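**Q** The following block contains the structure, expressed as structure tokens.
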Amino acid sequence: MKRYYGITMSLVSMLLISGCQGWFNAVPKDTVMVKKIVQEQKPDEVDYEGVLSQSAAESLGLNAVNKYFGQNLQMEQVQFEVSMIDQVKLKELFKEASTVAVMPAQAESTDSGRTILTSDISAITKGLYYVTLTTSTVPLENFEVVLNAKDGDVLRILRSMRAPEIRPPQQDSTFIDLANRFIEKHGSYPLSEVKYQPQLDRSNTNLELYYTSKDNKTMRYCVVINPKRKEVVGFSKNVMAFFSYTAKQSAESAPSPAF
């Protein structure tokens, strides 16, 4: 398992913490990746046919920020950084993350079995776009958006400040209500079809609330709340919520280094 800790942490940390540059391939600024590729493909070669162009990814990222955070940003106010992860690397990442996707047992539970969490990447057939937006109006604030490279579906979005608060947040019902209302308004799954899992909560400067399917097996959402402002500052769904959880799970489970 030590090998899994190291591999999973390096992969998932690249994806969720360090801006994905280790796993994402930079896309040339003016490349439109929709033309047909006629040469024969190698088994693991990236196929760009049917993939959104970079300009489309930028536009969709901006639209997502305006939609989810009530902004009215225009293209000329935003600087973009766009990277991409291909399907082959995504499958490798998912395979490694699955080795640590265990749900903690609830304190009141008498069941000795452990629930293995999973997700579904079948809808992601062309990889992922990672879009970072920095605004000229608030230079200390940025937005991170992860899109399905085929259809532009928003799988993760996060609003962050470069000078985070120090005091860890404390959980209360207000934050659960905020997360529930966000899912009701913006979620792909009705609130009645998901289950809040309090034992999965994570807190640092922000609070992360996790939701699974009703059978406790499939990760659906991670809603990120800034407790000081009492507002939702991000969310992940499906495989990106799964990656968010397993990245921190592997970090907590990894053995301490020897000195």
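Quick note: the coordinates plus some simple rules give every number you see, no bench work behind them. Quantities reported herein were computed from a predicted structural model and do not represent experimental measurements. Cβ sites come from the backbone with ideal geometry, for glycine too, and all protein chains shown count toward neighbours.
**Q** So what are the ³J(HN,Hα) numbers for region 73-78, from phi and the Karplus equation (6.51, -1.76, 1.60; θ = phi - 60°), rounded to whole Hz, Gly and Pro as x?
**A** Each residue's phi maps through the Karplus curve to give 6, 10, 3, 6, 9, 10 Hz.
**Q** Using a 10 Å cut-off around each Cβ, can you sort F242, F175, F80 from fewest to most neighbouring Cβ atoms?
**A** F80, F175, F242
**Q** Can you put M84, M219 in order of Cβ neighbours within 10 angstrom, beginning with the fewest?
**A** M84, M219
**Q** While we're on this one: Measure up K67/K214; K95/K195; K150/K248; K91/K126; K89/K150; K67/K185 against 22 Å on the Cα-Cα distance and list the ones that go over.
**A** K67/K214; K95/K195; K150/K248
**Q** What length, rounded to one decimal in nm, is gained on full extension from K230 through to R181, with 0.36 nm per residue of separation minus their alpha-carbon distance?
**A** Answer, rounded to one decimal: 16.4 nm.
**Q** Could I ask something else about it? With 10 angstrom as the radius, rank I124, I116 by how many other C-beta atoms surround their C-beta, starting from the fewest.
**A** The most exposed by this proxy come first: I116, I124.
**Q** Then there is this: Tell me, what ³J(HN,Hα) does each residue in region 216-221 have, in order and in whole Hz, if you take phi through Karplus 6.51 cos²θ - 1.76 cosθ + 1.60 with θ = phi - 60° and put x for Gly and Pro?
**A** 6, 9, 10, 5, 10, 9
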